[in-house]
């Protein structure tokens, strides 16, 4: 990945709908160069363009960060099983007080309670959890800003 690729990515981070022509004009290159590079970045998996809706507008009013202590021999298996649960949008194996941190998005605190008790708590290897309900998101960015 070179400077030109990073310029294209940076522009698309600000506006994922930017056309090849708009990008080409911004970075003083040809539309064809941008098209080829954009296709290569997407095809290789070095870059993705996705739609991320606002969960609250879709009826998902509760978000939470959950710290999990797990049996250390089961960390990978627990993380894999958690990654398969739709309401869990992020799973990270970590160091520190918790072995795994997860981010969940649910419709209500009632559905969060059900998720905790019937799905997360039922995963073999989960020893204990601590839930931090999100009151308000002040910043949310996906990926690293180029």
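Just so it is clear, none of the values below were taken in a lab; they were calculated from the coordinates. None of the values given here were measured: they were computed from a predicted structure. Backbone-built Cβ (ideal geometry, glycine too); neighbour counts: all protein chains shown.
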Over the chain, calculate the relative contact order: mean separation of alpha carbon pairs under 8 Å at least 6 apart, over the residue count, as a percent.
-> 25 percent
Sort the following peptides by mean Cβ neighbour count (other Cβ atoms within 10 Å, averaged over residues), highest first: 42-54, 76-88.
-> 76-88, 42-54
In Å and from the alpha-carbon atoms only, list the Rg and Dmax of the stretch 99-146.
-> 13.5, 40
Roughly how many nanometres apart are two label points built 7 Å out from the Cα toward the Cβ at residue 80 and residue 65?
-> 2.8 nm
Between residue 103 and residue 30, what is the label-to-label distance in nm when each label sits 7 Å out along the Cα-to-Cβ direction?
-> 4.0 nm
Given the Cα-Cα distance of residue 94 and residue 50 and 0.36 nm per residue of separation, how much length would full extension add, in nm?
-> 13.2 nm
In nm, the gap between the two label points placed 7 Å beyond Cα toward Cβ at residue 145 and residue 57 is 2.2 nm
Expressed in nm to one decimal, what extension gain is obtained for the pair residue 21 and residue 122 from 0.36 nm per residue of sequence separation less their Cα-Cα distance?
-> 31.2 nm
For the chain, longest principal axis from Cα atoms; helix 3-14 axis from its Cα atoms; angle between them, nearest 10 degrees, is 60 degrees
Using alpha carbons only: equivalent-ellipsoid semi-axes of the stretch 55-133, gyration tensor based, whole Å | 21, 12, 11
Label of the coordinate-derived value, volume of the Cα convex hull per residue in Å³, listed as [x] 103; [y] 154; [z] 142 = [z]
The stretch 1-84: proportion of alpha-carbon pairs further apart than 19 angstrom, % | 58 percent
Heads up, the stretch 3-44 by the C-alpha gyration tensor (a ≥ b ≥ c square roots of eigenvalues; a/c under 1.5 rounded, else a/b over b/c prolate, else oblate) looks rounded
When the Cα centres of the stretch 1-27 and the stretch 81-109 are compared, how far apart do they sit, in Å?
-> 32 Å
Rounded to the nearest 500, the 222 nm mean residue ellipticity computed for the chain from DSSP H runs (n ≥ 4, each -39500 (n - 2.57)) alone is -10000 deg cm²/dmol
